[in-house]
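Notes follow once the structure below has been shown.
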Amino acid sequence: MYLRNKSAFMPIASWETAYPEALIKRVLEAKGLAFLCDEIARDEDPSCVHRCLSNLIFAYMDEGAFARKSILDFGCGCGSSSVVLARLFPEAQIVGVDLSAKVVSVAKARVEHYGFSNVTFHVSPSGEELPDGIGPFDFVIMSGVYEHLLPRERRVVIPLIWSVLKPGGVLFLDQTPNRYFFVETHTTSLPFINYLPDRLALLFAQRFSKRIARDEIWETLLRKGIRGATVREIAGIIKNGAGGAPALLEPYRLGFRDAIDVWCAQPSWERSPGLKRCLRYMLKLLRYTTGLTVVPDLSIAIKKLDGQ
């Protein structure tokens, strides 16, 4: 098998897997050839989703807090995050939810492959709804999901997710691009596009990004994740849509002291370790001199206070 379009973006060109042939074909049908190896590696490579989720979660909480708890994996996709959560927390009950029935079928096949009995999946009826009858949950995980929600979906579905989170529960958001970082790394790999208004951003992406087709429309780019998020945006949607003041937690475990430490521990920018170290020093200096915490990707935890 090979890519007909040689210029198409392909995160990983090859991967040696223990998947049976039938499961490989299911992943191929759902993700296409360009993202086949990447999707399989998300599950099998411990430096991928496993590293992201474990660094995020355990920066804020210890493993015992998840024993016999319920976890919503919102936007579970093909199930790599759900599988990782099942490995990390075998005593927890995990519910995966996604908008696409095709990827949910792959997620179910993955769970069957590993024999996990503590994971179930549901298909969302729309991008602005949750499946009927799910919840409440002790924890919610959104791993590489928030940026793919359209603006109107964010304003509706985030309050719904907050409503099924138990008081005292925590919402974890992982690998969400920072809306105002100077490079948009997720969709276009272009600098300064985050600061442009939508129309100019579309023209800039069409003209200069090798990852974007010349006839791409703005809504498609939004679905792909071109507009990330800020902590202020997420907290504002929760406060205005659900009421109450969400509490942003600070990392304190495993040697992490701030969001910069959490980002540095994630696998992003691993192909440029020198640049990553240099950027870390610059971001730490910015935080020290101005009090501002700026990171390329958000990995945050938000607690729902008792009484909300």
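Being part of a loop (DSSP other than H, G, I, E, B), under 20 Å from the mean Cα position of the chain (by Cα) and charged (D, E, K, R) narrows it down to one of Arg214, Arg227, Arg232, so name that one.
Arg227
Considering the stretch 116-147 alone, what residues qualify as being under 21 Å from Ile237 (Cα atoms), out of contact with any strand residue (DSSP E or B) (no Cβ under 8 Å at 6 or more places or on another chain) and among the hydroxyl-bearing types (Ser, Thr, Tyr)?
Within the stretch 116-147, just Ser126 meets the criteria.
Could you please let me know if Leu221 is over 23 Å from Val49 (Cα atoms) and crowded, with 16+ Cβ neighbours inside 10 Å?
So Leu221 passes the test.
Quick check on the stretch 268-281. Is at least one of its residues at pLDDT below 90, aromatic (Phe, Trp, Tyr) and part of a loop (DSSP other than H, G, I, E, B)?
yes
The rows are residues; the columns are (1) modelled with pLDDT under 95; (2) among the hydrophobic types (A, V, I, L, M, F, W, C); (3) surrounded by 20 or more Cβ atoms within 10 Å (Cβ to Cβ); (4) part of a strand (DSSP E or B).
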| site | (1), (2), (3), (4) |
| --- | --- |
| Ile71 | no, yes, yes, yes |
| Gly77 | no, no, yes, no |
| Ser82 | no, no, yes, no |
| Ala107 | no, yes, yes, no |
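Here are some conditions: (1) buried (at least 19 other Cβ atoms within 10 Å of the Cβ); (2) touching a Phe, Trp or Tyr at 6+ places or on another chain (Cβ under 7 Å); (3) more than 25 Å from Tyr252 (Cβ to Cβ). Leu56 meets all but one. Which one does it not meet?
Among (1) buried (at least 19 other Cβ atoms within 10 Å of the Cβ); (2) touching a Phe, Trp or Tyr at 6+ places or on another chain (Cβ under 7 Å); (3) more than 25 Å from Tyr252 (Cβ to Cβ), the lone unmet condition for Leu56 is (3).
If the Cβ limit is 7 Å and pairs must be 6+ apart or interchain, which residue in the stretch 103-128 that is hydroxyl-bearing (Ser, Thr, Tyr) pairs with which residue that is in a strand (DSSP E or B)?
Thr120/Val95; Ser124/Val97; Ser124/Asp98
Going residue by residue through the stretch 257-271, is there one that turns out to be over 20 Å from the mean Cα position of the chain (by Cα) and closer than 30 Å to Ser163 by Cα?
yes
What do you reckon, is Gly169 at positive phi, surrounded by 15 or more Cβ atoms within 10 Å (Cβ to Cβ) and either part of a strand (DSSP E or B) or at pLDDT below 95 (or both)?
no
If you go through the stretch 235-247 one residue at a time, how many are buried (at least 16 other Cβ atoms within 10 Å of the Cβ) and out of contact with any Pro (no Cβ under 8 Å at 6 or more places or on another chain)?
Residues meeting the conditions: 1.
Go through Ile260, Ile300 for me and flag whichever is more than 29 Å from Glu128 (Cα to Cα) and not in a loop (DSSP other than H, G, I, E, B).
Ile260
Could you grab the pairs with beta carbons closer than 6 Å, sequence gap of 6+ or different chains, first residue in the stretch 40-61 and over 24 Å from Leu28 (Cα atoms), second one of a type outside the set (Phe, Trp, Tyr) and assigned to a helix (DSSP H, G or I)?
Listed by first residue and then by second, the contacts come to Leu53/Val84; Asn55/Ala265; Ala59/Val262.
The values are calculated or read from the model by the stated rules, or taken from the named source; none is laboratory data. Since the model is a prediction, treat every value here as computed from it, not as a measurement. A quick note on method: Cβ atoms are made from the backbone with ideal geometry, for glycine too, and the neighbour counts reach across all protein chains shown.
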